[in-house]
Each structure stands twice: as structure tokens, then as C-alpha cells.
1. Scan the stretch 23-39 residue by residue and report those that are within 21 Å of residue 86 (Cα to Cα) and either modelled with pLDDT of 85 or more or aromatic (Phe, Trp, Tyr) (or both).
2. Applying the selection to the stretch 208-225, what residues are small (Gly, Ala, Ser) and modelled with pLDDT of 90 or more?
3. How many residues are among the aliphatic types (A, V, I, L, M) and without any contact (Cβ under 8 Å) to a residue 24 or more places away in the chain if we restrict to the stretch 107-149?
4. Please state which one of 64, 93, 100 is at pLDDT 80 or above and surrounded by fewer than 20 Cβ atoms within 10 Å (Cβ to Cβ).
Amino acid sequence: MRGMQLDWRAISGPALTIATALTAFVVDRHFVAVPNPAPLFVCIVALAASISGIALGLISAVIAVASSALFFLDHRAMPGYDISDLTRMAMLAATATGTAVITGLLRQKWIDAFAWEKKHYATAARLSAALDQVDIGIVLLGPDTRAEFINRAFRDYFRLSDQQADSKPPFIALMYHGRDTGAWELPEDELGSFIARRTEAMRAGDSTPININLTSGEVLRFSCTALPDGGRMLSYTPVTDLVRHDDNPANADYYRALRGGDRSFVRQLRAAE
């Protein structure tokens, strides 16, 4: 039955300590003289504590000290222990106990750190999935202005492939991508200055919102928020309906046609507005 299965990690340390002690006794008595196995016992205690924790490490330490005491007694010509034997066993007890406690604490610290990282990763994954569901374009820049996260809406607005987005491009590369794909409804001779102004404002952390007209006919309200770590959060909120609420309803089909990206149609709309 599953509930009756033994946990090999729980018994590995004490079992290995006992096996080592028995092997040392057999080899020493029937084959060749074996030196004091105390250093090997300490290593086994460290292994037990790293696998199973402090409690099993201490159990292995007790077995190691008891085995060493028998080993010392077996090597004496006269019964009993002298001061040197007691001193060596005391040092082994202190070393084994300290090793079990320190290794066990390090193991617990590592487990806690791993659990925190797993929880943090799960939270980040849920947040990323949630941001992919909104129609607001979101870009998170690190202190080096590289994009650490780009949500689905931004990728769709600016025709950014998943491979490009996942490569963590710098902000300036995103601006040049918008230029190269003809995303912005701007004359070509104004694109250079537009990119320069946007880059400077982003570096300065300027939070003043501006409207960006796209050749698709959509209007995005861009804003930049400075983050405590020196990064930036860029948001692109669709405000097409708000900006064009005074448009003649009779021209609705005409405006929808602009989403095909024809720049001459877009210029006509700008003139009409």
C-alpha cells in the first residue's frame, strides 16, 4: 500500500551511518586495520541533514558517536577509555552535531527560497496572463530601457511578433520597429524627431499623456510611469471613440475602412477632422 511505503530519504542517513560502521568493524577485525572512521561519519551526517533535515542529521550523529565509541573500545588493550579517547569522542560529538544543525538550517533556507521563488513565478505568470487579456498596450522597461514584458495588445497594435517581443528589445528598437512598419500616422520627415522626443521623454520619466494616431485608424493615449527600480511602465490606452466622438455618424463606414492601413485615406481623415 502507498501509505505504508518507507521514505528512503528519511532512513538513508542513519542507514548509511550504520552500514559504514559495520563495514569498518568487519574489515578491521577480519582483513586490515582501519583508521578512525570519524571523518567519514561527519560527511555522512552532513549528507543526511542535507537530504532529510536537522532531525535525521542528529540521529545519524548519535549513531556515529556511538559507533566511534565502540570502535575506540575495540582497539584498546585494556577495558575502558582514557582521556584521549573521551576527548576525541567529545570532539566528534560536537562536530557531528554542529554539522547536522548547520547543514539542516541551510537546507531549510534553500527550501524556503525555492518555495518563495515558485510562488513569485506563479504570481508573475498569473499577472502576465491577466495583462494579456486587456486592450491596453503595456510595456515594462528595465533600468537599461530593455523591454522585460510586452503584453498581447501592444504586440497587436504595432504588429510585433512574439519572437521580437520575447527577445527583450530596447525601447529605441520598438520605436524603430513602429517606423519601419509604418505604424504611426506621421509624415516620413517627422518620424526622426518624433522618435527622438519620445525617447527623451521616456528617459526623463515624463508622465504627460499624449495621443498617438496609428495608420490603422486607431488612436492610443500614451503615458509613461517611472518605477522605483529605475524602470518604466508604458501604457497605450485605446481612445479612438473618445477622440472622434464628434465625427459624423454617416462617415462611420469610411472611418472603419481606414483600419486597412492606407496612409492616403488617413491623411484625408485628418484633414476632415
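1. Answer for the stretch 23-39, where residues must be within 21 Å of residue 86 (Cα to Cα) and either modelled with pLDDT of 85 or more or aromatic (Phe, Trp, Tyr) (or both): just 25.
2. As a first pass, look at the stretch 208-225 and keep what is small (Gly, Ala, Ser): 216-217, 223.
223, the sole residue that qualifies.
3. Narrowing the stretch 107-149 to residues among the aliphatic types (A, V, I, L, M): 111, 113, 115, 122, 124-125, 127, 129-131, 134, 136, 138-141, 147.
Filter again for without any contact (Cβ under 8 Å) to a residue 24 or more places away in the chain, leaving 111, 113, 115, 122, 124-125, 127, 129-131, 134.
Count: 11.
4. 93
The values are calculated or read from the model by the stated rules, or taken from the named source; none is laboratory data. Bear in mind that the values here come from a model prediction, so they are computed numbers and not experimental data. Cβ coordinates were reconstructed from backbone atoms using ideal geometry, including for glycine residues, and neighbour counts include every protein chain displayed.
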